[in-house]
1. Ratio of alpha-carbon Rg to the 2.2 N^0.38 Å globular estimate for the stretch 115-266, to two decimals, please.
2. Report, as a whole number in µm² per second, the diffusion coefficient that Stokes-Einstein gives for the stretch 1-83 at 37 °C and 0.692 mPa s using the Kirkwood radius over alpha carbon pairs.
3. Under 20 Å Cα-Cα from Lys178, which aspartates and glutamates qualify once same-chain neighbours fewer than 8 residues away are excluded?
4. When the chain is fully extended, how far beyond the present Cα-Cα distance does Glu88 get from Thr21, taking 0.36 nm per residue of separation?
5. If a paramagnetic tag sat 7 Å from the Cα of Leu227 along the Cα-Cβ line, which residues of the stretch 82-122 would have the backbone N under 11 Å from that point?
6. Take Leu133 and Ala153, extend 7 Å from each Cα along the Cα→Cβ direction, and tell me the distance between the two endpoints in nm.
7. Any lysines with Cα under 24 Å of the Lys263 Cα? List them, leaving off those in the same chain fewer than 8 positions away.
8. Can you figure out the FRET efficiency of Gln81 with Glu171, using R₀ = 25 Å and their beta-carbon distance, to the nearest 0.05?
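None of the figures in this text is laboratory data; all of them are computed from the coordinates on show. Note that this is a predicted model, so its numbers are computed, not measured. Virtual Cβ from ideal backbone geometry, glycine too; neighbours counted across all protein chains shown.
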Amino acid sequence: MLGVFDSGFGGLTVLRPIHETLPELSTIYLGDNARAPYGVRPQEEIYRFTLEGVRFLFAQNCQLVILACNTASAQALRRIQQEILPAEYPGRRLLGVIRPAAEYLATHGSHVGIFATPATVESNAYTHELEKLNPNVEVTQVACPGLTDLIEAGRQTGENCNQLVKHFADELFLESPKTEEVLLGCTHYPLVQTLFEKQVPRGVPVVSQGEIVAGALKDYLERHPTLKTQLDWSGQHQYFTTNGPDISKLASLFYGNEIQFQKTTL
Ligand code: DGL
């Protein structure tokens, strides 16, 4: 099984392209909706919550887990990989979403912009990755507090959301008018991608991570054939949330097809 984790609904924007790219790969999704958003929480809390989510997915027999959450990838991935995996889960793998997105950005223009949660921006994870991959790329990050809350509450079409997105887009282009491409560096933001597209200058592409991560996963599995054979390829999908099955309706809207969540506790 492949496990996919996010603080809430956002990871569905990564899961959907994974299902399209690898339709036979069985997946288990976990959204910690009850405790979202993570992006305004302290590092230690993000680490603890993420680890609980990862442990849950490993207990469901996931050999590979993707943190489909930039905040968790920025604040918890490395520590879990280094301190927990070798001691407690040898042979299991944990991947994040920042590295593949940074690889994409490294070859797309000399000035790039990133919208992300306050915790992702504060970690400078994107800046550090890009520095290693292509030091000639200039990165401008804008923290977007409040946006995940509106999306989690299903208020992504309201005027508040539009105003917030306008505010963040103005901030980015005021600070870096030469920005050539923009990444939505939070997996929740593709749910308001059209709002971002309306607010950035004409011709500036707004890119979300889902397809980039799905493509990177496919390549990764080709390079790790043993792991590939350990996964289940019967195309079964399960969805867990820490909130309650009543989120299924909103989640189905975001995912684009009917999905049913089961409640779990971490
Ligand atoms: N969707 C997550 C991310 O990619 C987290 C948003 C949040 O919980 O604040 O950063």
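1. Relative to the rule-of-thumb radius for its length, the stretch 115-266 sits at 1.21.
2. 258
3. Glu131, Glu138, Asp170, Glu197
4. Net length gain for the segment: 21.0 nm.
5. Of the residues in the stretch 82-122, 91-96 have backbone N under 11 Å from the label point off Leu227.
6. In this crude spin-label approximation the distance works out to 3.4 nm.
7. By straight Cα distance, Lys263 reaches Lys249.
8. 0.15
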